[in-house]
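The values are calculated or read from the model by the stated rules, or taken from the named source; none is laboratory data. Since the model is a prediction, treat every value here as computed from it, not as a measurement. Here the Cβ positions follow ideal geometry from the backbone for every residue, glycine too, while neighbour counts run over all protein chains shown. Note: accessible area is taken over every heavy atom of the protein model, side chains too, but ligands, DNA and RNA are not part of it. Shrake-Rupley method; radii C 1.70, N 1.55, O 1.52, S 1.80 Å.
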Amino acid sequence: MNYYDRSDTLLMTADFDGLIGKTRFPYYLLLPQNITEDTLRDKLKEVGIPLFSSHKVVGMRENSSDTHAVDVSFENGQSTTAQYVVGADGPQSIVRPIIPFVV
């Protein structure tokens with residue numbers, strides 16, 4: 001597979017032959033990040049899971065009345081209780097270091 005910029009300059013080449021024989025599905029799926037995020041956001045909304053992507057997490061602690069939940073506090077002063085918290089904030093994650101426990 002070849003990757004080109006808008007002026008048709010070759011940026012890089014990728015060889016996928018290394019997948020052959022190692023998986024029943026020797027394919028790659030490449031999607032722009034915005035499409036991936038939109039799809040995930042739509043699915044979360046469809047199943048009723050709130051998304052706090054515009055909130056900055058500043059603290060987390062185990063919920064005192066439910067050991068399967070955490071209380072998450074945000075920089076804007078709001079908070080929520082959740083059974084799952086996904087720290088999808090990249091390699092310089094603010095969320096991962098403050099996760100109180102791993103289930």
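Find, among the GluC sites (Glu not before Pro) in segment 37-103, those assigned to loop by DSSP (not H, G, I, E, B) with at most 15 other beta-carbon atoms within 10 angstrom.
E75
Just checking my list (i) 3, 13, 23, 24, 16, 10, 6, 4, 2, 1, 0; (ii) 2, 10, 11, 16, 19, 15, 11, 7, 5, 3, 1, 1, 0, 0, 0; (iii) 2, 9, 14, 15, 14, 12, 10, 10, 9, 5, 1, 0 against P(r) over Cα pairs in 5 Å bins from 0, in percent computed from this structure; which label fits?
(iii)
Tell me the carbon and sulfur percent of the accessible area for segment 36-83, rounded to whole percent, probe radius 1.4 Å. Display every interim value, and only then the final one.
Details: 1790 of 3650 Å².
Accessible surface attributable to carbon and sulfur in segment 36-83 totals 49 percent.
What does the extension gain come out to for Q78 and K56, with contour length at 0.36 nm per residue minus their alpha carbon separation?
Additional length available on full extension: 6.9 nm.
Label K43 and Y4 with points 7 Å out from Cα along Cα→Cβ: what is the distance between them in nm?
With each label placed 7 Å out from Cα toward Cβ, I get 3.2 nm.
Roughly how tilted is helix 33-46, in degrees to the nearest 10 and between 0 and 90, from the longest Cα axis of the chain?
Helix 33-46 sits roughly 40 degrees off the main axis of the chain.
What dipole magnitude, in Debye to the nearest 20, does the chain give about its Cα centre under +1 on Lys/Arg Cβ and -1 on Asp/Glu Cβ?
For the chain, the charge dipole is close to 160 debye.
Could you tell me the calculated FRET efficiency between L29 and R96, based on Cβ-Cβ distance and R0 = 25 angstrom, to the nearest 0.05?
0.45
Scan the chain for trypsin sites (Lys or Arg not before Pro) in coil per DSSP, keeping those whose Cβ has at most 10 other Cβ atoms within 10 Å, and list them by number.
R6, K22, R24
Give the longest segment of the chain that steers clear of chymotrypsin sites (Phe, Trp or Tyr not before Pro) in DSSP loops with at most 11 neighbouring Cβ atoms within 10 Å, not counting the sites themselves. All intermediate terms of the calculation are to be shown ahead of the outcome.
Working: sites that count: F16, Y27, Y28, Y84, F101.
Answer - 29-83.
Please tell me the relative contact order of the chain in percent, rounded to the nearest whole number, where contacts are Cα pairs under 8 Å and at least six residues apart. If you can, show how the numbers build up before the last one.
On the way: 93 pairs, mean separation 14.6, N = 103.
Relative contact order for the chain comes out at 14 percent.
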